[in-house]
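The structure under discussion appears below in the form of structure tokens.
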Amino acid sequence: MQISGSIALVTGANRGIGRHFTQQLLERGAAKVYATARRPEAIDLPGVEKLRLDITDPGSVEQAAAAASDATLLVNNAGIATFTNLVTGDLSKIRSELDTHFYGTLSMVRAFAPVLGANGGGAILNVLSALSWFSYDGANAYAVAKAAEWSLTNGIRLELAGQGTLVTGLHLGSADTDMMASYDGDKIDPADVVRVALDGIEAGKIEVLADERSAYIKASLANDPSVFYAPSGR
């Protein structure tokens, strides 16, 4: 999959990692970039095709797939973080996390899989998280939703292999974006996240670990979980 000459659609392109994806796709020579958001007027990058898109609205998704029928690369980046726990948290917020990260991503994949297949296969990149692999008190709804999206990513990879579609999962710790503004820990530059992700797509990788944090957490899965979840390992 070559970025140069590709026709990409990026969800959540108005800010954060999505904006960086849109910008770097243009810089790498994408022939066209569909930049989508619930409020496309908030997209401030020149040279893009703006589309209104709410990934939790099936009608909106179908309209986007019809408008971008020439797409060869789908970047599923749109997401939310409600910082909600499971036992006592607001159920509507928990459902919103799943509606966005799991069902919204699945809706995009189902709508765009035929588009990509008709255009030679192309690629799908799902922006996941290190929280796909562990839970964190205060953000457990997000962790559940990202774990589900990770499993979704692995499943659709198998289902779309026959049409030649590359499916890549991108994992990262915390990036320096508006979504993580309240987090006081170390944050990776979102431009670096996007750079390694696009490099990974061009290299045909099915998984990209954007930082040391995500690599450490994935490696920890093979160990006794009591070690990771001990106070010193949180």
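The values are calculated or read from the model by the stated rules, or taken from the named source; none is laboratory data. Small disclaimer: the values here were computed from a predicted structure and weren't measured. Heads up, the Cβs are rebuilt from the backbone with ideal geometry, glycines too, and the neighbour counts pull from every protein chain shown. Quick note on the areas: whole protein, heavy atoms, side chains included, nothing else; ligands and nucleic acids left out. Shrake-Rupley method; radii C 1.70, N 1.55, O 1.52, S 1.80 Å.
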Report task. Consider the candidate values [x] 79, 38, 37; [y] 50, 35, 32; [z] 62, 37, 29; state which one is Cα extents along the principal axes in Å computed from the structure displayed. Result -> [y]
Report summary line: Computed over the chain, the relative contact order (Cα-Cα under 8 Å, seq sep at least six) in percent reads 18 percent
Query raised in the report: More than 20 Å apart: what percent of Cα pairs in segment 17-129 qualify?
Result: 43 percent
Requested in this report: Could you state the angle between the C-alpha long axis of helix 58-67 and the longest principal axis of the C-alpha atoms of the chain, as a value from 0 to 90 degrees rounded to the nearest 10?
Outcome: 40 degrees
Query raised in the report: Under a 1.4 Å probe, what is the accessible area of the chain per residue, stated in Å²?
Result: 46 Å²
Report summary line: Relative to the compact-globule estimate 2.2 N^0.38 Å (N residues), the Cα gyration radius of segment 111-169 stands at a ratio of 1.31
Query raised in the report: What does the highest-first list of 18-24, 124-130 look like by mean Cβ count within 10 Å?
Result: 124-130, 18-24
Report summary line: Here the gain from full extension of Phe228 to Ala66, 0.36 nm per residue of separation minus their alpha-carbon distance, amounts to 53.8 nm
Query raised in the report: Per residue of the chain, what 222 nm ellipticity follows from adding -39500 (n - 2.57) for every DSSP H run with n ≥ 4, rounded to the nearest 500?
Result: -12000 deg cm²/dmol
Query - Glu49 long-range amide H proximity, modeled H, under 5 Å - result: Val33, Tyr34, Ala35
Query raised in the report: Could you give the angle, 0 to 90 degrees to the nearest 10, between helix 16-27's Cα long axis and the longest principal axis of the Cα atoms of the chain?
Result: 40 degrees
Query raised in the report: Taking the Cα atoms only, what angle lies between the long axis of helix 105-118 and the longest principal axis of the chain, rounded to 10 degrees?
Result: 30 degrees
Query raised in the report: Could you name the lysines in cross-link range of Lys32, using Cα to Cα under 21 Å and dropping any fewer than eight places away on the same chain?
Result: Lys50
Requested in this report: Would you work out what percent of the accessible area of the chain, with all protein chains in place, is carbon or sulfur (probe 1.4 Å)?
Outcome: 51 percent
Report summary line: Plugging the Cβ-Cβ distance of Thr88 and Asp199 into 1/(1 + (r/R0)^6) at R0 = 35 Å yields, to the nearest 0.05, a FRET efficiency of 0.25
**Report entry** Within the chain: Cβ-based charge dipole about Cα centre, in debye rounded to nearest 20 (Lys, Arg +1; Asp, Glu -1)
**Finding:** 280 debye
